[in-house]
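Readers should treat all values here as calculations from the given coordinates under stated rules, not as data from a laboratory. Keep in mind the model is a prediction, meaning the values are calculated, not measured. Because the Cβ atoms are built from the backbone with ideal geometry, glycine has one as well, and the counts that use them run over all protein chains shown.
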Amino acid sequence: MGLLTIDPLFKALGAGPDILPYIREYMQIWYFGIVFLVVPMVGNSAIRAAGNTLTPSLIMTLSAGTNILLDPLLINGELGFPRLELQGAALATVIARAVSLVAALLVLRFKEKLLSSQIPTLQETLWCWRDILVVGLPAATASMVIPISIGVITSFLAFYGAVAVAGFGLASRVESLALIATMALAASMGPFVGQNWGAQHADRVQLALRQSHRFCLAWGLLMAVILGMGARSLAAFFNPDPAVVAIAAQYLWLVPISYGAAGILQVTSSALNAMGKPLPSIVMTLTQMGVCYIPLAYLGSQIAGPTGVFAAAAIANLLAGMGAYRWIRKTCRQPLKPASSPPKLSDA
C-alpha cells in the first residue's frame, strides 16, 4: 500500500515535483523495513509490561547507535562504502531497525521466557485475540489520528512555502527531545497502573497519577522557560537559515506553554489503556486533534499564518489536558470490577 501511494500521499502533504524524486528514493527502501519497526514495538511493550523497563531502553539505544554509525558510511560513502545519499539514510534506518528486531526477539525468548514454540488451541487464541483487540483497536485508532492530523497541519503550512514546513519540522524535533521525560513517564505508567488496577489497588493508582500530573506540570513549565529563552539558538543549531529559524522560534515560544497539559494527556491515556478502558483515550485524542487542533489551525492560518497554527496547537493541548485530568479523576472514583478469568491455558 505504501509503495503504491507514495506520489499521491506526499503530494497531498505539499511535496512538489522537485521534492518527490527524493521522497521516492527514501520511501521505496523504508517501506520494506516496516516489519522491523513493528515487531520490536510490540516486543519492547511486552518486555516493559513484564516490569523490565531497562532492556527496552537498551534495545532502542542499540538501534539508534547503529543508525548513527551507519548514516555517514552509507550516505556519504565513508570508509569505502558506496555513496548512496538518501537511499543510504533509508537503508541505515532499516538495518538499525532489523538489529532492534533481533535483540527484542532474543530477550523475549531467552530472558523473559515470553515466546512459546507451541501453537495455542483455538479457544486460547480467540480469548487472547478478544482481550488484546478490545484495547488494541481503539488504541491503534488513537495512534493513527495523530500522524494523520499532523499531515493535515503540514498541508496548511505548505501553503506558506517550504520554509514554513521546514521550521515546523525542526521545532517538532526539538519538541520531541523536550518531551522525552513525559513520554518515558507515560510508558512506565502502563505496567504500573495495569498491575495495581488489576490487583484492586486503586489507591496506589490514584497516588501515582497525582504525582505524575504534578511532574508533568513542573516539567512543562521548565521546558517552556528553557525553550522560550533559547528558541533561536536551538533552531539555529539545527538549521542556520534565518527564515527557518524565525518560524521554528515562533513555535518554540508558543507551544511549550502547553507541554504540562500535553504530558497529563499522555500519562492519562496510558493509564486508561492499562485499565482496559481505551474508549476515553481515543475520545480525548479525537477531540484534541479533530475537534480542536485542525479547525483552530485552519482558522489561525487564515488569520495569522504559521503563528496562528502554532497558537492552535497550544490551545488544543491545554483543552485536552484539562479534559483528561477531569476524566481520569472520575474514572478512579468508580468502583472496581473483578477481571474476567481466562480459560485454562496449556502448560506452554
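Of note:
- Intensity falloff of segment 3-115 expressed as log10 I(q)/I(0), Debye formula with alpha-carbon point scatterers, at q = 0.11, 0.12, 0.14, 0.24 Å⁻¹: -0.45, -0.53, -0.67, -1.16
- For the pair Tyr31 and Ala246, label points projected 7 Å from Cα toward Cβ lie 3.8 nm apart.
- Paramagnetic reach from Phe110 (point 7 Å along Cα→Cβ, amide N under 18 Å) across segment 60-96: 60, 62-63
- C-alpha center-to-center spacing [segment 26-91, segment 245-307] in angstrom: 28 Å
- Shape of the chain from the C-alpha gyration tensor: oblate (a/c of 1.5 or more and a/b not above b/c, with a ≥ b ≥ c the square roots of its eigenvalues).
- Within the straight-line cut-off of under 17 Å between alpha carbons, the aspartates and glutamates reachable from Lys113 are Asp347, sequence neighbours fewer than 8 places apart in one chain being disregarded.
- Coarse-grained scattering of segment 130-218 at q = 0.10, 0.11 Å⁻¹, given as base-10 log I(q)/I(0) from a Debye sum over alpha-carbon atoms: -0.43, -0.51
- Counting only Cβ charges, +1 for Lys and Arg and -1 for Asp and Glu, the dipole size of segment 72-211 around its Cα centre is about 180 debye.
- Computed [θ] at 222 nm, deg cm²/dmol, the chain (DSSP H ≥ 4; -39,500 (n - 2.57); rounded to nearest 500): -26000 deg cm²/dmol
- Here Ala12 and Asp131 are evaluated by their C-beta separation; at R0 = 41 Å the FRET efficiency comes out at 0.65.
- If the Kirkwood radius is taken over C-alpha pairs of segment 211-278, then at 37 °C and 0.692 mPa s the Stokes-Einstein diffusion coefficient equals 248 µm²/s.
- Note on Glu78 and Met41: the extension gain reaches 10.2 nm, defined as 0.36 nm multiplied by sequence separation minus the Cα-Cα distance.
- Note on segment 108-171: semi-axes of the ellipsoid equivalent to its C-alpha gyration tensor, largest first and rounded to whole Å, are 43, 17, 7.
- Selection from Met189, Val255, Thr331 lying farthest towards where the dipole of the chain points positive, charges on Cβ: Thr331
- A Förster distance of 30 Å, applied to the separation of the beta-carbon atoms of Leu20 and Ser143, puts the FRET efficiency at 0.65.
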